[in-house]
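Scroll down for the structure; my scribbles are underneath it.
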Number of protein chains: 2
Amino acid sequence: MKSKFLVMYLLLAVSFTAFGQEKQSSKAKKQSSAVVEQGLIKVSIMYPFAEGKSFDMAYYASKHMPMVAGFLGSNLVKYTIEKGLSNGMPNQPLPYVAIGTFYVKSLSDYQAAIGPHREAIRADFANYTNIIPIILVSEVVR
Amino acid sequence: MKSKFLVMYLLLAVSFTAFGQEKQSSKAKKQSSAVVEQGLIKVSIMYPFAEGKSFDMAYYASKHMPMVAGFLGSNLVKYTIEKGLSNGMPNQPLPYVAIGTFYVKSLSDYQAAIGPHREAIRADFANYTNIIPIILVSEVVR
């Protein structure tokens with residue numbers, strides 16, 4: 001009888017431990033996904049709108065951005081693509097037709113990784129746009 | 001004796017069920033956080049850099065952005081703040097000193113929620129900057 005209670009106690013202990021750890025790791029994941037972006041460097045390639053200019057979003061999203069992302073290795077945390085819709089102020093022109101953003105841990109590692117591929121990246125521009133982009137380097141505050 | 005085994009079996013079943021559900025909900029959370037941003041609307045309030053202009057990031061991050069976010073209710077998925085560091089092109093001026101971005105499900109709900117508070121939001125500008133922002137409305141492609 002005593003051994004049965006021991007087994008039951010152990011089972012209970014194990015199950016609560018497993019449950020507790022799972023809860024904790026889930027919480028930790030949630031916290032880390034919320035916190036991990038803070039302090040990251042964003043390199044945003046912003047394509048200004050102008051009459052008569054073109055931008056092929058399908059090529060950009062399926063070819064150009066994945067190519068550049070492929071050069072960045074483990075320094076790249078994620079990359080995003082957004083499509084400009086409108087100016088938030090009435091009767092003002094669209095500021096940007098598209099923005100591609102690389103979230104990296106280190107700007108110098110980004111620059112070192114891009115350096116040897118700069119010409120290949122520039123040569124690919126003609127495949128999707130005739131817009132000269134503006135590049136903003138920023139830090140995630142929140 | 002039989003009842004003891006029944007209790008043990010129930011304990012086991014409960015503990016595995018709890019463990020399984022916790023794992024599943026953790027996985028679901030992870031998946032949803034990766035997928036949910038696609039298709040969201042970003043409203044980005046971009047503060048261009050100019051000599052002699054000022055921007056109080058501490059006030060912006062602790063007072064202004066939380067105030068506006070508070071007006072948006074469940075339409076707001078998240079908001080981010082970034083601090084401009086440099087131009088990605090050598091010898092070019094910093095494009096933006098700061099960008100605040102609201103990720104919302106619906107632009108019309110955003111506009112309806114902001115409308116009644118527009119004057120309060122504008123009046124608060126003077127507390128942290130003398131820069132007139134550019135507002136980009138865009139869609140998350142990826």
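The values are calculated or read from the model by the stated rules, or taken from the named source; none is laboratory data. Quick caveat: nothing in here was measured; it's all calculated off a predicted structure. Counting neighbours? That spans all protein chains shown, and the Cβs are built from the backbone with ideal geometry, glycine included. All accessible areas refer to the heavy atoms of the entire protein, side chains included, with ligands and DNA or RNA removed. Shrake-Rupley method; radii C 1.70, N 1.55, O 1.52, S 1.80 Å.
Peptide A:46-58 is shielded by partner chain Cβ atoms: per residue, an average of 1 of them sit within 10 Å of its Cβ. With a sphere of radius 14 Å drawn around the Cβ of A:LYS83, what net charge do the other residues whose Cβ falls strictly inside it have (Lys, Arg +1; Asp, Glu -1)? Charge balance in the 14 Å sphere: -2. Here's how it looks for B:ILE131: its modeled amide H is under 5 Å from those of B:SER54, which are all 5 or more places away or on a different chain. Scanning residues 5 or more positions from B:LEU94 or on other chains, those with amide H under 5 Å from its amide H are B:ASN87, with H placed 1.01 Å from N in the peptide plane. Between B:VAL77 and B:TYR103, B:VAL104, B:LYS105, the built amide H atoms are under 5 Å apart, and every one of these is 5 or more places off in sequence or on another chain. Measuring r between the beta carbons of A:ASN130 and A:ASP109 and using R0 = 30 Å, the FRET efficiency lands at 0.50. For segment B:34-111, the calculated P(r), taken from all Cα-Cα distances in 10 Å bins from zero up to the bin holding the longest distance, is 17, 42, 30, 11, 0 percent.
A simple spin-label model places pseudo-atoms 7 Å from Cα toward Cβ; at B:ASN91 and A:ASN91 they are separated by 4.1 nm.
For A:LYS53, the point set 7 Å out from Cα toward Cβ sits 1.9 nm from its twins in the other copies, listed from shortest up. Between copies, A:ALA112 shows label-point distances of 5.2 nm, shortest first, with the point placed 7 angstrom from Cα along Cα to C-beta.
With its label point defined 7 Å out from Cα along the Cα-to-Cβ axis, A:GLU139 lies at 3.5 nm from the matching points of the other copies, in increasing order. Accessible surface calculations at 1.4 Å, restricted to protein heavy atoms, place segment B:61-142 at 48 Å² per residue.
When the accessible areas of B alone and A alone are added and the area of the pair subtracted, with a 1.4 Å probe, the result is around 4100 Å², both sides summed. Listed values for segment A:116-122 are Karplus-derived 3J(HN,Hα) couplings in whole Hz (6.51 cos²θ - 1.76 cosθ + 1.60, θ = phi - 60°), namely x, 10, 3, 5, 4, 5, 4, and x replaces Gly and Pro. For the segment B:128-141, counting C-beta atoms of other chains within 10 Å of every residue's C-beta and taking the mean gives 5.
In order along segment A:94-103, the Karplus-derived 3J(HN,Hα) couplings, from 6.51 cos²θ - 1.76 cosθ + 1.60 at θ = phi - 60°, round to 3, x, 9, 7, 7, 9, x, 10, 9, 9 Hz, and Gly and Pro are given as x. Near B:VAL104, once Lys and Arg are set to +1 and Asp and Glu to -1 for all other residues with Cβ below 10 Å from its Cβ, the sum equals +2.
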